[in-house]
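One structure below.
The values are calculated or read from the model by the stated rules, or taken from the named source; none is laboratory data. All of these numbers come straight from a predicted model, not from anything done at the bench. Positions of Cβ are generated from backbone atoms using ideal geometry, with glycine treated the same way; all protein chains shown enter the neighbour counts.
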Amino acid sequence: MGFDQVADATRWRFGLFVTASVVTLIWVTMAVIESGEPWEAYQAELASSGLWPRSVNRGVLEVDVAMGSQHRTDRCRSCHLGMELEAEPGAQRQAPHTAHPGRLLTQHSPEQHGCAICHGGTAQALEPSVAHALVGTTQHDPMMQQPYVQASCIQCHLPGAVVGSERLARGARLYLTLGCGMCHSLKADGRGGWDYGPDLRRMGRHGDRYLRQSLLDPAANFAGTTMPSYQSSLGENPEILSDLLTYLHALTLPRLKDPGIDGLYARPCTTCHAGLGGAAVGTIRHQCVWINEEQEQLRCQSCHTGELPVEVSFAGFCPVVREHRGGCLACHTGYGG
Amino acid sequence: MRRNFVYHLHPLKVTERALAPTTTFALGLVTLTLFLTTAVTGGLLMLYYVPTPEGAYASILDIEHLVTLGEPLRLMHRFAAHLMVVTVALHLLRIVAMGAYRCREINWLFGLSLLALVLALAFSGYLLPWDQTSYWAVRVVTNMLDHMPLFGVMAKPLLLGGSEVGGATLLRFYAMHVAVLPAFLVAFAVLHLWRIRRDGGLAYAGEASTVPAWPHLVLREGVIVLVVVGLLALWTLLIDSPLAPPADPMRPSNPEKAPWYFVGFQEMVSYSAVIGGFIFPGFFALLLLALPFLDRDDDAVGGWFASSAERLRLVVVAALTAAVVVAAVWMCAHPALAVLETWTQELVNPVTLSLALCLIAFAWVSNGSGLRSGLRAALAVLVVSLLVFTVVGICRGPDWAFFWPWEEYPGGI
């Protein structure tokens with residue numbers, strides 16, 4: 001037998017030394033690469049640009065947000081602190097340091113509410129690819145980006161009831177005028193609609209691509225469906241399609257705060273819908289986008305652009321009527337009688 | 001007694017043959033290293049993990065993003081666990097191919113217990129992230145228990161702590177994963193190592209000269225342990241394994257898939273619940289358990305196959321099995337077969353075909369090369385079929401349709 005014990009021991013001692021060195025090198029490399037976090041680099045960038053406020057501590061900036069059914073740890077500000085800094089004219093900051101557009105942050109403090117309450121995403125994550133899961137990827141929470149970000153307003157506000165939620169209001173109106181509620185229900189919402197199609201409160205979770213396809217070419221997702229294609233009314237105009245999709249995405253979101261629906265609808269319709277009754281619009285400053293835009297048109301014609309159905313009792317199935325509960329019967333006398 | 005036990009865990013002398021890499025491929029040592037890695041990383045993960053449906057997913061996100069080196073820690077734990085399933089299976093195949101279970105019946109049974117424990121540990125850990133993948137995987141696998149008469153029906157509610165996967169299931173799986181199963185695994189692993197020495201080292205029928213374990217064996221062991229640990233660290237750098245969305249019992253993922261080591265059984269169940277979910281696995285397990293008692297031949301133990309004629313027969317059996325099962329799976333998707341009655345499909349399907357092949361191969365090979373070769377042929381048929389079913393199962397997409405791994409699922413769901 002050719003087993004040389006001395007040579008074997010020498011060879012494997014050397015082998016052990018080499019392996020140990022290589023493995024140590026791998027482990028050190030791994031530790032160095034994996035211990036660096038993106039937020040550290042971003043905070044360093046912001047600090048070096050001179051924009052970093054001295055009052056703010058460095059490190060992971062997190063907010064514990066508890067509203068309604070939602071409870072989340074929001075760490076978005078760890079990278080996006082630049083959002084809260086005033087945009088100085090002329091100087092263009094790069095992502096993630098860009099300033100938040102509009103004046104929304106003055107009423108929605110990120111220090112109190114965090115960012116994900118409006119923008120979605122996986123707020124707990126500190127890795128951009130995980131934190132920024134986008135609508136349509138069905139990864140984590142859908143991230144509410146433009147053009148859909150107004151969908152988030154529905155969590156605390158009635159669609160259209162506040163300035164800045166115009167797209168959501170237009171989407172909600174499209175929902176009514178296209179008659180989505182004639183077949184689809186929004187059951188858990190306390191609203192009406194038929195059970196013919198699937199509950200729309202859950203469809204938004206299937207993602208943007210799926211919703212788009214279901215509207216423009218429903219047969220692609222459900223062979224033999226009776227749902228008509230909305231290619232002619234929605235497909236030609238991407239803006240209108242985005243309006244409706246914003247509302248459909250909004251339907252999947254929880255209600256974090258009671259926007260006072262019952263109190264609102266307990267009043268006579270004419271309190272708000274002044275064009276239909278006595279008090280004049282404009283005497284008090286309405287924030288409601290619907291009232292400001294439509295005023296006199298908020299009647300049957302707002303949904304039924306053509307001839308009205310002959311059967312007056314048909315109004316009983318009208319989602320507008322259902323949405324407004326009993327209070328509207330005062331106006332829709334044909335049904336109430 | 002205690003001395004006897006401790007001194008038998010590691011040898012003082014080994015045969016020169018045992019040092020040759022192709023004798024064992026160090027599969028046992030690699031598995032042991034992987035287990036120790038999962039024990040250390042798992043212990044650290046336990047410091048942060050919260051075993052409740054509300055807290056589990058969030059705590060994994062914290063581990064990934066907030067804990068220093070938490071991400072490689074989780075990846076290493078996960079990869080070592082998956083790899084352990086592979087190395088344990090390969091180790092078992094090596095023992096079968098060498099007939100090394102002869103005169104080592106007890107240790108063979110210890111080994112099979114370790115296989116079951118490794119699978120149970122991997123599976124119980126699979127649920128813990130509480131994301132869509134893990135939640136629906138565990139539902140699929142535990143639903144397969146419905147097809148097992150008596151045992152399955154009794155075990156399912158005990159395992160789940162209810163009729164469905166929920167908070168009670170998560171807590172049970174966690175307790176099993178961090179306490180019960182590891183304790184059993186350590187006990188059986190120690191017994192396994194001790195029995196090797198008690199049985200006189202690696203099984204070998206021939207004569208072999210010995211050398212001292214230090215330095216020849218210990219240095220080799222050191223190198224292998226380091227290589228495994230180094231590869232695990234390299235893996236965490238190269239490959240990420242992102243979480244799926246958080247578990248949502250109201251929203252089934254499509255496809256709902258078992259973990260890869262059980263997806264072969266899921267594929268078999270898709271043809272016939274009783275045959276794929278009970279008869280095939282039951283037969284497989286019984287054959288493994290009975291192997292050292294059926295094969296009474298003590299000659300030629302410890303070598304790779306008895307003769308070139310035997311090897312040729314086994315290769316033919318394996319290749320034919322692969323071809324036939326692949327063809328059968330492919331034909332099952334053919335619309336012409338949809339006209340068959342349900343009861344016909346229960347009897348005529350790829351799983352029954354592979355069971356039939358198993359008997360034919362046993363008869364053919366044992367006739368030519370003896371009982372041991374016949375048993376090896378039977379096992380080869382079962383292993384190759386399970387491999388084919390596993391690969392096909394991995395390739396299943398929405399509605400259990402076939403997709404190549406690089407194909408995108410339609411519909412954006």
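At-a-glance table
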read-out: Single residue of B:Pro246, B:Pro252 found to be within 14 Å of chain A (Cβ to nearest Cβ), surrounded by 19 or more Cβ atoms within 10 Å (Cβ to Cβ), in contact (Cβ under 8 Å) with a residue 24 or more places away in the chain and on the phi < 0 side of the Ramachandran plot; value: B:Pro246
read-out: Residues (at pLDDT 85 or above and either surrounded by 12 or more Cβ atoms within 10 Å (Cβ to Cβ) or within 14 Å of another protein chain (Cβ to nearest Cβ) (or both)) located in segment B:399-413; value: B:Trp400, B:Ala401, B:Phe402, B:Phe403
read-out: Matching residues, segment B:173-227, being among the small types (Gly, Ala, Ser), over 23 Å from the mean Cα position of the chain (by Cα) and under 27 Å from B:Cys103 (Cβ atoms); value: B:Gly200, B:Gly201, B:Ala203, B:Ala205, B:Gly206, B:Ala208, B:Ser209, B:Ala213
read-out: Residue count for segment A:71-100, restricted to those that are within 14 Å of chain B (Cβ to nearest Cβ) and surrounded by fewer than 17 Cβ atoms within 10 Å (Cβ to Cβ); value: 1
read-out: Residue list for segment B:227-241, filter: within 23 Å of B:Pro259 (Cβ to Cβ) and facing another protein chain (nearest Cβ under 7 Å); value: B:Thr236
read-out: Checking A:Ile26 against (1) more than 22 Å from B:Val67 (Cβ to Cβ); (2) at pLDDT 90 or above; (3) among the β-branched types (Val, Ile, Thr), the condition it does not meet; value: (1)
read-out: B:Ile224 within 30 Å of B:Glu105 (Cβ to Cβ), hydrophobic (A, V, I, L, M, F, W, C) and more than 10 Å from every other protein chain (Cβ to nearest Cβ); value: no
read-out: Candidates A:Ala116, A:Ala44, A:Ala66, filtered to the one that is within 18 Å of the chain's Cα centre (by Cα) and surrounded by 11 or more Cβ atoms within 10 Å (Cβ to Cβ); value: A:Ala116
read-out: Test: residue in segment B:238-253 that is in contact with a Gly (Cβ under 9 Å, 6 or more places away or on another chain), at pLDDT below 90 and not in a strand (DSSP E or B); value: yes
read-out: Conditions (1) surrounded by fewer than 11 Cβ atoms within 10 Å (Cβ to Cβ); (2) within 11 Å of another protein chain (Cβ to nearest Cβ); (3) not acidic (Asp, Glu): number failed by A:Pro38; value: (1)
read-out: Residues satisfying the stated conditions in segment B:271-293, i.e. over 19 Å from the mean Cα position of the chain (by Cα) and surrounded by 14 or more Cβ atoms within 10 Å (Cβ to Cβ); value: B:Tyr271, B:Ser272, B:Ala273, B:Val274, B:Ile275, B:Pro292
read-out: B:Arg102 among the basic types (Lys, Arg), more than 14 Å from chain A (Cβ to nearest Cβ), closer than 23 Å to B:Ala377 by Cβ and crowded, with 21+ Cβ neighbours inside 10 Å; value: yes
read-out: Residue within segment B:356-372 that is under 14 Å from B:Ala328 (Cβ atoms), in contact with a Gly (Cβ under 8 Å, 6 or more places away or on another chain) and in contact (Cβ under 8 Å) with a residue 60 or more places away in the chain present; value: no
read-out: Which listed residue is among the polar types (S, T, N, Q), in contact with a helix residue (DSSP H, G or I) (Cβ under 6 Å, 6 or more places away or on another chain) and farther than 20 Å from A:His100 by Cα, from A:Thr29, A:Thr19; value: A:Thr19
read-out: Helices (runs of 4 or more DSSP H) wholly inside segment B:1-92 that include at least 2 residues being under 22 Å from the mean Cα position of the chain (by Cα) and over 23 Å from A:Val60 (Cβ atoms); value: B:21-24, B:27-46
read-out: Any helices (runs of 4 or more DSSP H) falling wholly within segment A:149-250 and containing at least 3 residues that are modelled with pLDDT of 80 or more and more than 30 Å from A:His113 (Cα to Cα); value: A:208-216
read-out: Test: B:Ala233 is in a loop (DSSP other than H, G, I, E, B), buried (at least 18 other Cβ atoms within 10 Å of the Cβ) and aliphatic (A, V, I, L, M); value: no
read-out: The listed residue being under 20 Å from B:Asp199 (Cα atoms) and touching a Pro at 6+ places or on another chain (Cβ under 9 Å), out of B:Arg102, B:Arg139; value: B:Arg102
